[in-house]
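Working notes, beginning with the structure itself.
The values are calculated or read from the model by the stated rules, or taken from the named source; none is laboratory data. Here the structure is a predicted model, which means the values were calculated and not measured. Ideal geometry is used to build each Cβ from the backbone, glycine not excepted, and the neighbour counts take in all protein chains shown.
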2 protein chains.
Amino acid sequence: MSVETVARTSRSRSWWGWGWADAQPDEEECLALGALVPGTLPRPLPVPEVADLRIGRPAAEVPRSLAHRVTYDPLPRAAHAMGKAFRDVMRALRGRPGRIPDLVAHPRCDQDVSDLLEWAGEQRVAVIPYGGGSSVVGGVEYRGEAHRAVLSLDLTAMDRVLEIDTDSRAARVQAGVLGPALEDRLRPHGLTLRHFPQSFEFSTLGGWLATRAGGHYATGRTHIDDFTQSLRVVTPAGTSASWRLPASGAGPSPDRLFLGSEGTLGVITEAWMRLQERPRHKASAAVSFTDFHDALRAVRALAQSDLAPANCRLLDSGEAALSGATRDGCAVLVLGLESSTAPVDDRLGQALELARAHGGRADAEPADRGAPADDAVGAWRSAFLRMPYLRDGLARMGAVTETFETATTWDRLPALIDAVRTEVGAAAREATGHPAIVNCRLTHVYPDGAAPYFTVIAGGRPGDEVAVWDDLKAVAGDVLHRHRATITHHHAVGRDHRPQYDLQRPDPFAQALRAVKQTLDPGGILNPGVLIDS
Amino acid sequence: MSVETVARTSRSRSWWGWGWADAQPDEEECLALGALVPGTLPRPLPVPEVADLRIGRPAAEVPRSLAHRVTYDPLPRAAHAMGKAFRDVMRALRGRPGRIPDLVAHPRCDQDVSDLLEWAGEQRVAVIPYGGGSSVVGGVEYRGEAHRAVLSLDLTAMDRVLEIDTDSRAARVQAGVLGPALEDRLRPHGLTLRHFPQSFEFSTLGGWLATRAGGHYATGRTHIDDFTQSLRVVTPAGTSASWRLPASGAGPSPDRLFLGSEGTLGVITEAWMRLQERPRHKASAAVSFTDFHDALRAVRALAQSDLAPANCRLLDSGEAALSGATRDGCAVLVLGLESSTAPVDDRLGQALELARAHGGRADAEPADRGAPADDAVGAWRSAFLRMPYLRDGLARMGAVTETFETATTWDRLPALIDAVRTEVGAAAREATGHPAIVNCRLTHVYPDGAAPYFTVIAGGRPGDEVAVWDDLKAVAGDVLHRHRATITHHHAVGRDHRPQYDLQRPDPFAQALRAVKQTLDPGGILNPGVLIDS
């Protein structure tokens, strides 16, 4: 996996945009990107400087006993003000970021977390748990007035692998570890968490757990939920530590209450995670389809077989063109099989046979290999990891980019995809006066449904980009809601998805969640505004 | 599967013991069973009669508008007084059953359930949701004083399959359907829920959901949790209906709060369930091991491979002898592979190779076949389904039988199994003055651990059987707790596992659960005493 092997050096993170500062598109690349979208700016917006922000004095200071865990410096405060949604990046570019936190804390142990929560409770300070800061749903930003100050609780100093149980293939890991560091520490044992979200380099285990992250793999166990053996969560009402169990039928699962709680019920500080042997056999191939609906049927057949492809990513023709997989107007299915036990060529052969039976054309005979192919599959993988940087380059050209994802059952999927294309496309055109790009890919497939991922790119209203984005987000959310497709499959709810989440969630469950919040966070200090109101 | 093909006729259910009245062991069989256990009675206890119980007048009656859904007759009231634990059967045999409910209701729709809950709330009547009544943990019995009367809410009149979505392989099913009826309704569509707990014939979908039941299959998706697409739950605070979704990352899972709630938070009335194609290819084989610990290592290797055996049940020598699989003192691994897509002989061959590498001896070459083999595998399957009846025959001979199960990680498993054998065996001997049978099998295996299932049979204290059982249960629970093994993998908590469940559950989660209970069931009428105190 190329995501595993990116060199980790002393490069510095962009405070305003995705990832590494030196990987951001330069002016030339921005101009080239802008040329692809009608109505963009003649020149890129300048990269913003923290010094240009008016960052006030902090409205609260911790006592001396906690001072060594806290910083009030402008740069970390600015970098912790928002996540990495288009909305966040654009506000930074336009010099109008969200509320800058008053202080950033880097706890090193549970006691630090607990002490900080206690202080925050006494002082009516909002606490925003922060992992890699890659939220694209307003999950790490304070919006409100009810708190005296805002503390960004950055967990990345808690990044150790504390124990490895090779018999049970599990590890006890601190929540603040970033993806690459975690894999580095597991590799010498021949083990892997095998959880590779697109944000892998810039997100943490704790963030994955708090947001029920989806991994890179298309079928089978891919959500972080399934890899969780036990959780340790520091809440204002005490620390919750579940037992390490491969399975249990003892009451509702304690872990499932905290998985997806997005920092509103407690701070996940540690987890025992289920690991896997590193796959030794891999094979991949790309399959083209003239008709996208044929491709959907092929993917359904694959998801309902027991072939269990590790990758089964369907790109529509626009997505295939954008990523360089193909420009011939076809949809492309990127298929990959992996095993730690036995060669997978037979299984790939069977998968290709199934795809052909639904009108697919496999480009070449597959070969068992450890490295990605230098072809459509490889092209797509590189583009996948580069995508968020390109989004920032487009943002500097005044183009609005929104990516959103969902999941629904197979019976509803074709109509949903058609409706998103039509309605969001029309809304973008209306908002900007220009035709927009609306692409779709399937990222995860299940026997009973699939998770489509949409990319919308629209130019033409420079200066109003955030308003256009808000409009598109509202239209998209409305389409999903009318089609009973979840407001999020793996991006989380945060603040941006609240309206649709509130409609989707059954009312008695909302009542229950509010009661839990009131019990575990009676002061209402934890990530206020996310999921539920205090 | 023989469990699927049992004829469903007008046979009548035993009110006091397991299953069909006419399948209970006769006097001769009881005597033969008694001869296997030292210290049993010279003659079987008589089958108890409802007429011999002193069943009082009901302490509450429903208004006329609900009368057509309710019965006050002694037989159904007696039959709904308890589940089917040894403790329950023995109390019935000794003429000292638990509290007889005042009335039994058979709602036909959500409105009925809602109306009955409303009436019960007004009248301070305890409501015990009841599916097949197969609980072995005191899950369907009222113990307490705080309520004016007790209503057993029998869901079995809500037993329809309401919709089938063949595209997404899912069905909307009412919660009161028993296992065989559900499979009968799915079979014409080529589909199956493929969930076959030992209680399959006598338990309902709603019961499986409320108790997080484990299916027959050893690996992969076997828990009912994984087959649940959405739930409909009637609570005193309103009806919770989640969306049909193949997956979602929108907050903590609403369904996971109700899965395992054991009737304490609401009444599950309906669910969309994920289905599968019926397997077309099956192959099975038995493997013998001289050393049980070798067998454990073999099973771990299988669980950590990607061979995904449908059956991977390890019987220790005592269990193998009891079930007739073998009497040569060896442990036996019952292996089965299934697929709806392709022949499984290769995979079985690879599984046998792995087993041999750990000291196993495969009895014969496997063959792909649709029916169970007429050998160790078949013998074990028949014994498996007959087991609860034999337990009742033994009970009539005054022998105490306790079966309990748990799950733990591989690193802790060998020590746990040894400790249960030693400590529970010693406790049984001390309690009865006779050596006890303590057998173990693994019912489910996971990459990170396994679920051992223990059978304890002890004779020698006729008349005190319930007290002996209570002692053994306490000792067993204590061993599990000290080894950090869950108090239940798939039997649920009910009332009998409360002491250990209270210790196992993280305290902040207990606080959260109490808050949810208070919110959804403010009158504290739903299954009081189970999981949490009101």
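Quick notes on this structure:
- 1 or more residues modelled with pLDDT of 95 or more and more than 11 Å from every other protein chain (Cβ to nearest Cβ): qualifying helices (runs of 4 or more DSSP H) within the range A:426-534: A:465-482, A:498-504
- Among the residues making up the range B:299-331, those that are within 14 Å of chain A (Cβ to nearest Cβ) and either at positive phi or not charged (D, E, K, R) (or both) are B:Val299, B:Ala301, B:Leu302, B:Ala303, B:Gln304, B:Ser305, B:Leu307, B:Ala308, B:Pro309, B:Ala310, B:Cys312.
- Any hit, the range A:285-302, residues being charged (D, E, K, R), part of a strand (DSSP E or B) and not assigned by TED's automatic domain parsing to the domain that holds A:Thr166: no
- Per the listing A:Leu442, A:Leu413, A:Leu480, the residue uniquely buried (at least 20 other Cβ atoms within 10 Å of the Cβ) and in contact with a Cys (Cβ under 8 Å, 6 or more places away or on another chain) is A:Leu442.
- Of all residues in the range B:227-284, those that are in contact (Cβ under 8 Å) with a residue 24 or more places away in the chain and part of a loop (DSSP other than H, G, I, E, B) total 16.
- The listed residue being in contact with a strand residue (DSSP E or B) (Cβ under 6 Å, 6 or more places away or on another chain) and closer than 25 Å to B:Gly463 by Cβ, out of B:Ala428, B:Ala407: B:Ala428
- Residue check for B:Asp52: out of contact with any helix residue (DSSP H, G or I) (no Cβ under 7 Å at 6 or more places or on another chain) and either modelled with pLDDT of 95 or more or crowded, with 22+ Cβ neighbours inside 10 Å (or both): no
- Some residue of the range A:488-495 being surrounded by fewer than 22 Cβ atoms within 10 Å (Cβ to Cβ) and in contact with a Lys or Arg (Cβ under 9 Å, 6 or more places away or on another chain): no
- Subset tally (residues that are closer than 13 Å to A:Pro97 by Cβ and within 28 Å of the chain's Cα centre (by Cα)) for the range A:42-81: 11
- Qualifying positions in the range A:309-335 - touching a strand residue (DSSP E or B) at 6+ places or on another chain (Cβ under 8 Å) and over 19 Å from A:Tyr453 (Cα atoms): A:Asp328
- Looking across the range A:340-354, just one residue is more than 9 Å from chain B (Cβ to nearest Cβ), over 30 Å from the mean Cα position of the chain (by Cα) and in a loop (DSSP other than H, G, I, E, B), and that is A:Pro343.
- Residues (touching a helix residue (DSSP H, G or I) at 6+ places or on another chain (Cβ under 9 Å), hydrophobic (A, V, I, L, M, F, W, C) and within 23 Å of A:Pro435 (Cβ to Cβ)) located in the range A:388-419: A:Leu390, A:Leu394, A:Ala395, A:Met397, A:Ala399, A:Val400, A:Phe404, A:Leu416, A:Ile417, A:Ala419
- The residues of the range A:151-197 that are within 14 Å of another protein chain (Cβ to nearest Cβ), small (Gly, Ala, Ser) and crowded, with 21+ Cβ neighbours inside 10 Å, listed by number, are A:Ser168, A:Ala170, A:Ala171.
- Some residue of the range A:31-44 being surrounded by fewer than 19 Cβ atoms within 10 Å (Cβ to Cβ) and assigned to a helix (DSSP H, G or I): yes
- Residue list for the range B:120-142, restricted to those being acidic (Asp, Glu) and closer than 16 Å to B:Gly494 by Cβ: B:Glu141
- The single condition among (1) more than 16 Å from A:Gln276 (Cα to Cα); (2) touching a Leu at 6+ places or on another chain (Cβ under 6 Å) that A:Ser248 does not meet is (2).
- Matching residues, the range B:215-264, being buried (at least 24 other Cβ atoms within 10 Å of the Cβ), facing chain A (nearest Cβ under 8 Å), touching a strand residue (DSSP E or B) at 6+ places or on another chain (Cβ under 6 Å) and within 22 Å of B:Gly139 (Cα to Cα): B:Val233, B:Phe258
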